[in-house]
Number of protein chains: 2
Amino acid sequence: MSASYQTIEHDVPQSYRDKILKWNGWGYTDSQFTINKDGHVTFTGDKYDISGKVMPHFRPWFENYLGIDLNYVSPAQKLSDVVIDAPVENEDLIDFLKENNISFSNSARIRLMRAHGHTVHDMVNLREGKIPRLPDVVVWPKTEQEIVKIIEGAMSHNCAIIPIGGGTSVTNALDTPVTEKRAVISMDMALLDKILWIDRENLTCRAEAGIVGQSLERQLNKKGFTCGHEPDSIEFSTLGGWVSTRASGMKKNKYGNIEDLVVHLNFVCPKGIIQKQCQVPRISSGPDIHQIILGSEGTFGVVSEVTIKIFPLPEVKRYGSFVFPNFENGVNFFREVASRRIQPASLRLMDNDQFVMGQALKVASDSWWASLKSSVSKMYITSWKGFKVDEICAATCVYEGSREEVDQQEDRLNKLAADFHGIVGGEENGQYGYRLTFAIAYLRVSRNL
Amino acid sequence: MSASYQTIEHDVPQSYRDKILKWNGWGYTDSQFTINKDGHVTFTGDKYDISGKVMPHFRPWFENYLGIDLNYVSPAQKLSDVVIDAPVENEDLIDFLKENNISFSNSARIRLMRAHGHTVHDMVNLREGKIPRLPDVVVWPKTEQEIVKIIEGAMSHNCAIIPIGGGTSVTNALDTPVTEKRAVISMDMALLDKILWIDRENLTCRAEAGIVGQSLERQLNKKGFTCGHEPDSIEFSTLGGWVSTRASGMKKNKYGNIEDLVVHLNFVCPKGIIQKQCQVPRISSGPDIHQIILGSEGTFGVVSEVTIKIFPLPEVKRYGSFVFPNFENGVNFFREVASRRIQPASLRLMDNDQFVMGQALKVASDSWWASLKSSVSKMYITSWKGFKVDEICAATCVYEGSREEVDQQEDRLNKLAADFHGIVGGEENGQYGYRLTFAIAYLRVSRNL
């Protein structure tokens, strides 16, 4: 990485973002799709179901489906080759940060790590080109009062602020506009990552906005609760990010989306801290200011603390899956499920492309795949249980609740699926399909391609 | 009614509000609590369960509980005695309305009928005193375009607008501020009362904002659907009013509150019509403008059309009830129900006062009451099944869903209630308690008191 300016920094924290996340791709540095010496696709690391496994069907399917020859590679630029422009100078701001003992840095790598979200376009920029404009200085508030202070400083010294949580944004909200002439502060919420309290009686939990989803959920689980919110990005995205992006969770049928879960929040703006005067889930009068903050993507202020609903851990969690002869049957099944309001915690429909890709990603030893008798990539078979391989679609589901409730839900869905010529695909396939969500995010980039 | 000014009006519609609703009390003119010749409380008309019935226990309980002697009466002022101030004159506005063929009237009675909500304070004003400030002219838009036109006229001619739906407001939002010097237009939405379409596939319905709740629900029922929203005021309140007041419904556990049901709406403002460009139940980005309109009480503009979610009529609707030894046990039962997320469509807790009042309102022939062996008003008994009469509380519930679902819900709640020493009070009492909601609204005023 070449940068022709002097780094200025103060009390820089060691954050997970800089230590264990890729600088130019999704997720953990140790987790990657790659091609092994036999020419097969494997997945590195040990964090996922497919980690360390060989997926023999994937390469043929991938090459065939996308018409790509994986012998042709275009390696990404190295971090050392990336050219980083000098930041917009604002000495008054730097002095202000120093005077107020705010942790900050304008180091090239630290700025680069916070300059983008995770769209495919972002990935291409990082690997092939250049991020058009980086934020000029990164700050790490340690308290809500420091957020207030930093915003005051930004106002006084003519700066813009872009708050960053997990950085998994796909809305370009983390981009610094190329036309921005002011110094841009990236406000990294990583140090505000604590649960403040859990109210067992009212089933609420208040936490600092920078807490990462999986950490929040793990801590709640230990106390016997779940937050119920499970976006694809839960490993990296933060509570404040969920609010700022109006996040949807995969189990929203049971727990609601983030706007259904937020009970109270503190929102630090140039004019001060906005917060409702009561901590109740609903007020039956007046416009709801929370709903303007939700989805505002950091444009109006910074979410500093959030109270969310929590739920006792369900007695039973069970996966399920269905296979339908075609997408239309799948859609009609979903419509009927919605109409009868019998959705389990999660129910997700995959079209034929997704289904086949999911099958192609199965590891060498998988049994269901074996029952297809042949690699889909070769298309030796045209039907399976009467279904055409190029029309099949599938649904994964997650049941959560009391045993009685889950048994009943499962029974109902299984019966209903039959009305749409659906076949119950079993728990193992459901779990596989649901959890694959977290691994396929890594498909965007591959180590040696 | 005395008014010392010349009425000006054009094409005045015959609306239900002026024809069948009381001018100085809740609801239908023919429905009233009153004292019969035997000195017992009865309820007039034929619209409610208690209509035409004698409630022998009510008067003694009422007199005892409130310490009131019902022989002392203070009859309300007669409509003919009410003095109505002349409206603020605005000839330009009147000319504008005439030119644009807008239905309007400044008649004293028509203004009075739209000058208030239904708080107890409003009732006292109507019966004993005076509404401090009336709107100056009432208009009845017949189309959304007429709403646009009227708002244009109001802007051009320096007027304020107060939209009115069912007029059941308890937030004082229908009050014309006494300090308001401009001419105030009451925009009566009564003529915009049609269902525009029902989408059976997407389970949505679009209707004009002035449609009255019971009419909307009745029409949907005929087609096999329900809107699921059942506020106490459903007989009189309107779809647009539900949105403008952020209404909660008694069956919100199953169907959600109004903010959960709105999919799309048109909102006519001074700057034009605000509407989202898509008709989907949720957008996973950006602030939600609907949530600013919801609860805005007519201050920003006029809701003209609303698309709401609808639901297939449930296979089974069943009432239920529980009696608990005291309020604390009731609250703890509710907490556990919430924690286990096993709420039926409606579940409402009544404290001891409400419970005893509900019992005292039972009609002469009621059997459950008989099982109490004596009139509560006399307090001859101190316990019933071990419960103390002055501590008992009760819950009513409504189950809606498939037979299987309802059976299971009922079974679960019945078992859980036992953990809190609750006794199942049966379906009849549940239905009685739930539906009493609609009749007790009439308790505020009585014909001959």
Selection from the stretch A:313-326 of residues open to solvent by 30 Å² or more (accessible area, probe 1.4 Å) and over 24 Å from A:Lys388 (Cβ atoms) yields A:Leu313, A:Pro314, A:Glu315, A:Lys317, A:Arg318
Here is a list: B:Asp38, B:Asp30. Which entry is among the acidic types (Asp, Glu) and either open to solvent by 60 Å² or more (accessible area, probe 1.4 Å) or within 30 Å of B:Lys181 (Cα to Cα) (or both)?
B:Asp38
Exclusive hit being of a type outside the set (Gly, Ala, Ser), open to solvent by 50 Å² or more (accessible area, probe 1.4 Å) and farther than 23 Å from B:Phe267 by Cα, set B:Lys223, B:Lys194
B:Lys223
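Is it fair to say A:Val138 is open to solvent by 30 Å² or more (accessible area, probe 1.4 Å) and closer than 23 Å to A:Ile20 by Cα?
No: the conditions fail for A:Val138.
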Got a number for residues in the stretch B:1-21 being of a type outside the set (A, V, I, L, M, F, W, C) and without any contact (Cβ under 8 Å) to a residue 40 or more places away in the chain?
3
Residues that are under 30 Å from B:Arg282 (Cβ atoms), buried (at least 16 other Cβ atoms within 10 Å of the Cβ) and modelled with pLDDT of 95 or more: does the stretch B:174-184 have at least one?
no
Would you please list the contacts, defined by Cβ atoms under 9 Å and residues six or more apart or on different chains, that run from a residue in the stretch A:417-434 that is within 14 Å of A:Phe387 (Cβ to Cβ) to a residue that is among the basic types (Lys, Arg)?
A:Ile423/A:Lys385
Residue check, B:Gly25 open to solvent by less than 40 Å² (accessible area, probe 1.4 Å), not in a helix (DSSP H, G or I) and not assigned by TED's automatic domain parsing to the domain that holds B:Thr168:
yes
Filter the stretch A:280-307 for residues that are touching a Ser or Thr at 6+ places or on another chain (Cβ under 7 Å) and part of a loop (DSSP other than H, G, I, E, B); which is farthest from the other protein chains (Cβ to nearest Cβ)?
A:Gly298
Could you check the stretch A:327-347 and list, in sequence order, the residues that are open to solvent by 40 Å² or more (accessible area, probe 1.4 Å) and either modelled with pLDDT under 95 or of a type in the set (Phe, Trp, Tyr) (or both)?
A:Phe327, A:Phe334, A:Arg335, A:Glu336, A:Ala338, A:Arg340, A:Arg341, A:Gln343
Answer yes or no as to whether A:Gly320 is at pLDDT 90 or above, more than 14 Å from every other protein chain (Cβ to nearest Cβ) and part of a helix (DSSP H, G or I).
no
Sole exception among (1) open to solvent by 30 Å² or more (accessible area, probe 1.4 Å); (2) more than 29 Å from A:Ile274 (Cβ to Cβ); (3) not aromatic (Phe, Trp, Tyr) for A:Gln145, by number:
(2)
Scanning the stretch B:401-419 for residues that are part of a helix (DSSP H, G or I) and open to solvent by less than 30 Å² (accessible area, probe 1.4 Å), which turns out nearest to the other protein chains (Cβ to nearest Cβ)?
B:Gln408
Would you point out the residue of the stretch A:148-182, among those that are part of a loop (DSSP other than H, G, I, E, B) and among the small types (Gly, Ala, Ser), that is farthest from A:Asp95 (Cα to Cα)?
A:Ser169
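Based on this model, can you work out whether B:Glu305 counts as more than 30 Å from A:Gly298 (Cα to Cα), over 14 Å from the mean Cα position of the chain (by Cα) and in contact (Cβ under 8 Å) with a residue 60 or more places away in the chain?
Numbers: more than 30 Å from A:Gly298 (Cα to Cα): yes; over 14 Å from the mean Cα position of the chain (by Cα): yes; in contact (Cβ under 8 Å) with a residue 60 or more places away in the chain: yes.
Yes, satisfied.
Given the residues B:Ile164, B:Ile195, which is the only one that is more than 30 Å from B:Gly224 (Cβ to Cβ) and touching a residue at least 24 places away in the same chain (Cβ under 8 Å)? Explain how you work it out, then say what you get.
Values: B:Ile195 fails: more than 30 Å from B:Gly224 (Cβ to Cβ).
None of the other options fit; the residue is B:Ile164.
From the list A:Asp85, A:Asp46, A:Asp69, which one is surrounded by fewer than 14 Cβ atoms within 10 Å (Cβ to Cβ) and at pLDDT 90 or above?
Working: A:Asp85 fails: surrounded by fewer than 14 Cβ atoms within 10 Å (Cβ to Cβ); A:Asp69 fails: at pLDDT 90 or above.
Result: A:Asp46 is the single residue among A:Asp85, A:Asp46, A:Asp69 that is surrounded by fewer than 14 Cβ atoms within 10 Å (Cβ to Cβ) and at pLDDT 90 or above.
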Looking at (1) touching a residue at least 24 places away in the same chain (Cβ under 8 Å); (2) over 30 Å from B:Asn101 (Cα atoms); (3) not β-branched (Val, Ile, Thr), can you tell me which one B:Lys37 breaks?
(1)
Residue that is nearest to B:Ala190 (Cα to Cα) [pool: residues in the stretch B:281-308 that are open to solvent by 30 Å² or more (accessible area, probe 1.4 Å) and either out of contact with any strand residue (DSSP E or B) (no Cβ under 7 Å at 6 or more places or on another chain) or in the same structural domain as B:Met155 (by TED's automatic domain parsing) (or both)]:
B:Glu297
Going by the conditions given, is A:Glu235 surrounded by fewer than 24 Cβ atoms within 10 Å (Cβ to Cβ), charged (D, E, K, R) and closer than 19 Å to B:Glu259 by Cα?
no
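Select, from A:Arg109, A:Arg127, A:Arg133, A:Arg114, the only residue that is open to solvent by 60 Å² or more (accessible area, probe 1.4 Å) and on the phi < 0 side of the Ramachandran plot.
Selected residue: A:Arg109, the only one of A:Arg109, A:Arg127, A:Arg133, A:Arg114 that is open to solvent by 60 Å² or more (accessible area, probe 1.4 Å) and on the phi < 0 side of the Ramachandran plot.
The values are calculated or read from the model by the stated rules, or taken from the named source; none is laboratory data. For clarity, every value in this text was computed on a predicted model and none was experimentally measured. Glycine gets a Cβ as well: all are built from the backbone with ideal geometry, and neighbour counts include every protein chain shown. Quick note on the areas: whole protein, heavy atoms, side chains included, nothing else; ligands and nucleic acids left out. Shrake-Rupley method; radii C 1.70, N 1.55, O 1.52, S 1.80 Å.
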